[in-house]
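The values are calculated or read from the model by the stated rules, or taken from the named source; none is laboratory data. Note that the structure is a prediction, hence the values are computed from the model and not measured. Quick reminder, even Gly has a Cβ in these numbers, built from the backbone with ideal geometry, and neighbours come from all protein chains shown. Note: areas computed on protein heavy atoms with side chains; ligands, DNA, RNA excluded. Shrake-Rupley method; radii C 1.70, N 1.55, O 1.52, S 1.80 Å.
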Amino acid sequence: MSPAHRWGRTGRTLCQAAVLSFWWPTSAERIHGFFDAQLLPSDCQGGVLQLDGRYTTVDEVQYHEDCTLRGAPGTVVEVVGEIHFLQNAWLDGSLRFVKAKGSQKAALPMQHRCLDVEGSLEFLDPDVEFINCGSDSTDDGGAFYVEQNVTVSNGRVVARGSKAKWGAAAYVGGSFTMTGGSLLIENSTAGESGGGLYVKDGDFHHLGGNVTMFNSIAGIYGGGVYMNRGKYHLAGYLRFENCFATSAGGGLQARNFQRKNFGAFNQTPSGVLEAKNCTAGLQYGEGGVMATQDSIVAGRVLVDGCRGSTAGCFEAKRLLDIKSTGS
């Protein structure tokens with residue numbers, strides 16, 4: 001065969017390889033189908049990571065400095081490896097975090113949560129959802145764990161199908177402050193306490209906006225919310241429906257049984273509390289709606305179908321002052 005013929009065959013082979021290399025997807029692109037998802041970047045240059053499209057986390061992703069995740073409409077992150085912020089975090093725009101299904105790794109029990117924040121977390125004009133995050137073996141905060149404080153001032157935050165031992169949807173080490181927007185927690189289960197939220201050392205400052213919890217369950221205390229030692233201040237709208245706790249606080253528990261001087265629920269005249277079909281275990285349960293150390297109820301209260309073996313609605317160990325305008 002002449003050199004020209006040999007070169008021609010080799011040239012065609014090189015060209016074919018180049019075409020295949022150009023069109024063949026990378027491993028990141030092949031994770032969930034042809035050009036379907038890409039790896040979530042771990043570099044948050046300038047403190048902001050702009051996301052647009054579909055992403056996945058094969059392994060844990062760490063952000064070592066303060067970081068804002070900003071999502072364009074329709075952005076989805078499938079979580080296999082935990083998203084871990086070592087400093088403060090901001091979630092901005094449209095972000096949907098979904099526990100991944102279908103891969104070999106995701107088929108194993110996912111002990112970690114979707115988001116872990118070592119500093120504070122703030123939601124900025126959010127349209128953020130957490131779907132099926134955590135598991136029965138997750139220690140705390142199935143959707144998100146925050147070591148310090150959480151702030152919501154507007155927008156929409158949703159957690160559905162979350163699981164953990166403490167704080168099925170969220171575990172907050174400091175205080176939770178809400179001045180506007182909406183927080184919805186639905187179909188969440190805590191093996192221990194805090195079927196929706198667990199607030200460890202701080203207060204829940206519910207100064208505005210809506211907090212709604214549907215079908216939230218706790219194995220011990222606080223079917224919807226568990227306040228470990230702080231106070232729940234209500235000046236916005238709070239609703240529990242079909243929430244259950246085995247021992248106390250079908251909707252909310254604000255009393256620490258080990259440190260009995262902690263915990264309170266304070267509702268201002270502008271606050272609205274609704275509870276429907278909430279239960280504290282019928283054998284030993286205290287407070288179908290809530291169990292607290294102290295309670296001052298001054299706003300509107302609407303309660304229907306709530307039950308407990310002692311105090312079907314409100315149970316307070318020390319002070320119960322009801323000035324409600326509801327029924």
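For segment 113-208, the solvent-accessible area with a 1.4 angstrom probe is 29 square angstrom per residue. Between SER137 and GLN62, full extension at 0.36 nm per residue minus the direct alpha carbon distance yields a gain of 24.8 nm. Rounded if a/c is under 1.5, else prolate if a/b beats b/c, else oblate: with a ≥ b ≥ c from the C-alpha gyration tensor eigenvalues square-rooted, which is segment 150-290? Note, shape of segment 150-290 comes out rounded.
Among the protein heavy atoms, those of ASP92 account for about 30 Å² of accessible surface (1.4 Å probe, every chain in place).
Ignoring aspartates and glutamates fewer than eight residues from LYS165 along the same chain, the ones with Cα atoms less than 12 angstrom from its Cα are ASP136, ASP139, ASP140, GLU192.
The share of accessible area on segment 51-196 that comes from carbon and sulfur is 45 percent, using a 1.4 angstrom probe.
Based on Cα contacts under 8 Å between residues 6+ apart, segment 121-173 shows a relative contact order of 48 percent.
Relative contact order, whole percent, for segment 145-195 stands at 48, derived from Cα pairs under 8 Å and 6 or more residues apart. Solvent-accessible surface (1.4 Å probe) assigned to THR151 amounts to roughly 50 Å².
Projecting label points 7 angstrom from Cα along Cα→Cβ for THR310 and ASN154 puts them 4.7 nm apart. Contact order, relative form, for segment 168-251: 31 percent (alpha carbon pairs under 8 Å, 6 or more residues apart, mean separation divided by residue count).
Legend: calculated FRET efficiency, SER42 to SER270, from the Cβ-Cβ distance at R0 = 56 Å, rounded to 0.05, equals 0.80.
Assuming charge only on the beta carbon of Lys and Arg (+1) and of Asp and Glu (-1), the dipole of segment 193-272 about its Cα centre is about 260 debye to the nearest 20.
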